[in-house]
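Novice: Quick one: this structure, given as structure tokens, is what I'll be asking you about.
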Amino acid sequence: MALTAATDAFRVRLDRVTDDQLVLPTPCEGWTVRDLLRHVAGGNRMTVALVEGCSVEEARSFFARSAEPDDLRGACAVSLDAQMKALGPGLDTTMVVHHPMGDMPAAQVFGFRIGDLLVHSWDLSRAVGGDERLPEDVVAHVYAELQPMEPIIADIGVFGSGPSGGVGEDSDIQTRLLDLTGRRPS
């Protein structure tokens, strides 16, 4: 499953982060490693809350509560575990009725997490000088999901400046995905 692979990719990188690296800048403009971990932990917790039936306001409070834990790396790991435990049968028929983007199947909500975890795995690796290679099958999955949004992706507000226009179809798929999401891997 793509969420498992994306979670594993992020966890491997998280396990290698040291306290002194929390202040390092990431490719996400204005974010440190600490900010990136807060974001991922908050997104995981918010997803679990939404799937469990919380309102948007309640779910956002879960996001806010992950802002300053004493052990940020530990809180992030716990949130990854909780998100994986929230997976279960019936995700295609279980509706998340309070999602900020409207009602949608829980499987679609978890789909958003796949891309978030995968791309932020690369961000985390880039920030701390780790291995930047991502699981190719998950990269292909996320690219297939995001590529149709290429003309508007910069306008969405969560992918930086979007594609640079300088990465061709002959580039490897990871480079194309990173460029599509506003990252400049070279």
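A short reminder: the numbers here are calculations on the coordinates, not readings from a lab. It should be emphasised that the depicted structure is a prediction, and the values quoted were computed from it without experimental measurement. Note: ideal-geometry Cβ built from the backbone for every residue, glycine included; neighbour counts use all protein chains shown.
Novice: Cut-off 10 angstrom, C-alpha nodes, Gaussian network model of the chain. Which of V109, V23, V128 fluctuates the most?
Specialist: Maximum fluctuation in the GNM of the chain, among the listed residues, is at V23.
Novice: Could you work out the helix-only [θ] at 222 nm for the chain, with each DSSP H run of four or more residues adding -39,500 (n - 2.57) and the total divided by the number of residues, to the nearest 500 deg cm²/dmol? Please list the in-between numbers first.
Specialist: Details: 8 runs with 103 residues, N = 186.
Per the formula, -17500 deg cm²/dmol.
Novice: To continue, here is another question. Counting other beta carbons within 10 Å of each residue's own, what order do R60, R45 fall into, fewest first?
Specialist: R60, R45
Novice: Let me ask something additional. Give me the percent relative contact order of the chain, please, defined on Cα pairs under 8 angstrom at least 6 residues apart. Can you show the working numbers first?
Specialist: Values: 244 pairs, mean separation 43.6, N = 186.
For the chain, the relative contact order is 23 percent.
Novice: Take D19 and D71, extend 7 Å from each Cα along the Cα→Cβ direction, and tell me the distance between the two endpoints in nm.
Specialist: Here the answer is 1.3 nm between the modelled labels.
Novice: Follow-up. Just subtract the alpha-carbon distance of E136 and S161 from 0.36 nm times their residue separation and send over the number in nm, one decimal. It would help to have the intermediate numbers written out before the result.
Specialist: Working: separation 25, 0.36 × 25 = 9.00 nm, distance 2.37 nm.
Length gained, E136 through S161: 6.6 nm.
Novice: Under the rule that an exposed site lies in a DSSP loop and has at most 14 other Cβ atoms within 10 Å, name the longest stretch of the chain with no GluC sites (Glu not before Pro) of that kind, not counting the sites themselves. The partial results should precede the final answer.
Specialist: Working: sites that count: E29, E52, E169.
The longest such stretch corresponds to 53-168.
Novice: Still on this structure, please answer the following. Mind checking the log10 I(q)/I(0) for the chain at q = 0.12, 0.19 Å⁻¹? Debye, one equal scatterer per Cα, no solvent, two decimals.
Specialist: -0.56, -1.42
Novice: List the DSSP H helices in the chain whose Cα atoms stretch 30 Å or more along the helix axis and whose mean Kyte-Doolittle hydropathy is at least 0.0. Don't skip to the end; give the middle numbers.
Specialist: On the way: long enough: 106-128 (33 Å, 0.59).
In the chain, the long hydrophobic H runs are 106-128.
Novice: On a full-extension model of 0.36 nm per residue, what is the gain between D81 and F112, subtracting their alpha-carbon distance, rounded to one decimal in nm? Kindly include the intermediate steps, with their values, before the conclusion.
Specialist: Numbers: separation 31, 0.36 × 31 = 11.16 nm, distance 1.67 nm.
Fully extending the segment from D81 to F112 adds 9.5 nm.
Novice: Given H placed 1.01 Å from N in the peptide plane, which residues other than close sequence neighbours of V96 have an amide H under 5 Å from its amide H?
Specialist: Those lying under 5 Å, H to H, from V96 are M104, A106.
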